[in-house]
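Okay, so here's the structure we're looking at.
The values are calculated or read from the model by the stated rules, or taken from the named source; none is laboratory data. What you are looking at is a predicted structure, and each value in this text was computed from that prediction instead of being measured. We place every Cβ from the backbone using ideal geometry, glycine too, and count neighbours over all the protein chains shown.
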Amino acid sequence: MTLNRREFLNRSLAAGMVAGCATYNQPARARATSVNEKIVVGVMGLGRGKGLINSFAPSPNCHIEYVCEVDSRRLAEGASHVTKLAGNNPQQVVDVRKILDDKKVDALVVAAPDFWHAPATIMACNAGKHVYCEKPASHNAQEGEWMVQAARKHNRVVQLGTQRRSMPAYISAVKKLHDGAIGKPLLARGYYFNPRPTIKKGQAAAVPEWLNYDLWQGPVPEREYRDNLVHYNWHWMWHWGTAELGNNGVHLIDICRWGLDVDYATKVTTAGGRYRYNDDQETPDTSVSTFEFGDRAIIWEGRSFYKPIAPEAPKHEVSFYGENGTVTVSHTTVNVYDAGGKLLEEEKHPAGDQFHIDNFLACVKDGKRPNADIEEGHKSTLLCHLGNIAYRTGKALQIDATTHKPVDAEAGKFWGREYRNGWQPQV
């Protein structure tokens, strides 16, 4: 079942922008729990996961039973962080499969690297767990399709970590667009600029004693350890990462797609390159992607060596241009302008991850679909994958309306990937 976006918006606003869940087929819970019991959670990956613990641990609806991390230093720190916030001492594990084997666990938080998102989510669904998965949904398009299949097959609540879907400012902005505030919206623009430093040229090195590199690699084909890989620089290498387009672009593209009320692109182009540093980065540090949807389009611009400076980088990270005006939105502010650029309306709203985590926990209890259901999350992540494929092939991609795949044969080789023996995702 696909929820009509306008229905979702009305429900979200009426529910105080927290629960906002669509009706889901019951029962969705992993085990029979009363509404008064806490949802038992395991957190995988304690880089971004430590930040998510800030929202999960204090929730009266949540009990963090496990923390999982391949870096022994982070593992101990993450466990201490849970204790500080919630008062309990979570079990510490290196292998996520130990969490999935525990029948009392209701949900898995996947905050490991991108290449782990889909395999861990699919394994969790197969084990009867609900999933909060950080963005992007997947490392490649095929994985995203499998994630949707797994969620539906096992009737699991799977929320993607595109937190703007639950923030009041974005909900309000999209409602204005869908209610006709600027007529038909024709174009959406998002950007992400960040002055990232060079990752230098790495060397083969011994695996640090604090790192379980075998489990860090997990499902992906093995490669030798290099001294400039862990914990963040893998983002900029195709074997492991999804470029800045998948890393942060997905947040803005998701809102653009939602506001324009579009699903699958008909044509995708990306221009850009690696211009700033001579190092090991394979993904572009500068790129512009255009996603066409017949009579509407999304433009996303990214620069990874450039500090945002006005007026080139406006304070609002997403802008919508319509027949009769413009709507701009950031975490806290929504502005509406007429066709001549006159400010007609400005709204201020609270922001933060808590809205999104509360929505996920509410849906696990209620058996309903969350604001960033994996089907919607996959559609937005798919655009990022297509943008990366367009960059890697150097071609404008025509997209098949039925399969949603590029028509170009060369582009097809980037649709999926190979896996280590025994780690092939099974839906």
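Restricting attention to segment 290-321, and to residues there that are among the aromatic types (Phe, Trp, Tyr) and part of a loop (DSSP other than H, G, I, E, B), which single residue is modelled with the lowest pLDDT?
Checking each candidate, the answer is Tyr306.
Name the single residue that is nearest to Lys38 (Cα to Cα) among those in segment 63-81 being hydrophobic (A, V, I, L, M, F, W, C) and crowded, with 23+ Cβ neighbours inside 10 Å. Among those residues, the one meeting the criterion is Ile64.
Within segment 152-163, is even one residue over 25 Å from Val41 (Cβ atoms), of a type in the set (A, V, I, L, M, F, W, C) and outside any strand (DSSP E or B)?
Going residue by residue through segment 152-163, those that are over 25 Å from Val41 (Cβ atoms) are none.
Among the residues of segment 152-163, not one is over 25 Å from Val41 (Cβ atoms), of a type in the set (A, V, I, L, M, F, W, C) and outside any strand (DSSP E or B), which makes the answer no.
Right, Ala401: modelled with pLDDT of 95 or more and buried (at least 21 other Cβ atoms within 10 Å of the Cβ) or not? No, not satisfied. Checked against (1) exposed (fewer than 14 other Cβ atoms within 10 Å of the Cβ); (2) closer than 23 Å to Lys307 by Cα, Asp179 passes all but condition (2). If you scan segment 311-351, which residues turn out to be in contact with a Phe, Trp or Tyr (Cβ under 7 Å, 6 or more places away or on another chain) and of a type in the set (D, E, K, R)? If the condition is that a residue be in contact with a Phe, Trp or Tyr (Cβ under 7 Å, 6 or more places away or on another chain) and of a type in the set (D, E, K, R), then Glu317 is the only one that fits. Of all residues in segment 294-317, none satisfies the criterion of being within 19 Å of Tyr391 (Cα to Cα) and free of Cβ contacts under 8 Å to residues at least 40 places away in the same chain. In segment 322-353, what residues are surrounded by 17 or more Cβ atoms within 10 Å (Cβ to Cβ) and outside any loop (DSSP other than H, G, I, E, B)? Answer for segment 322-353, where residues must be surrounded by 17 or more Cβ atoms within 10 Å (Cβ to Cβ) and outside any loop (DSSP other than H, G, I, E, B): Gly322, Gly325, Thr326, Val327, Thr328, Val329, Val334, Asn335, Val336, Tyr337.
Would a scan of segment 252-260 turn up a residue that is without any contact (Cβ under 8 Å) to a residue 40 or more places away in the chain and either assigned to a strand (DSSP E or B) or buried (at least 16 other Cβ atoms within 10 Å of the Cβ) (or both)? The answer is no; no qualifying residue exists.
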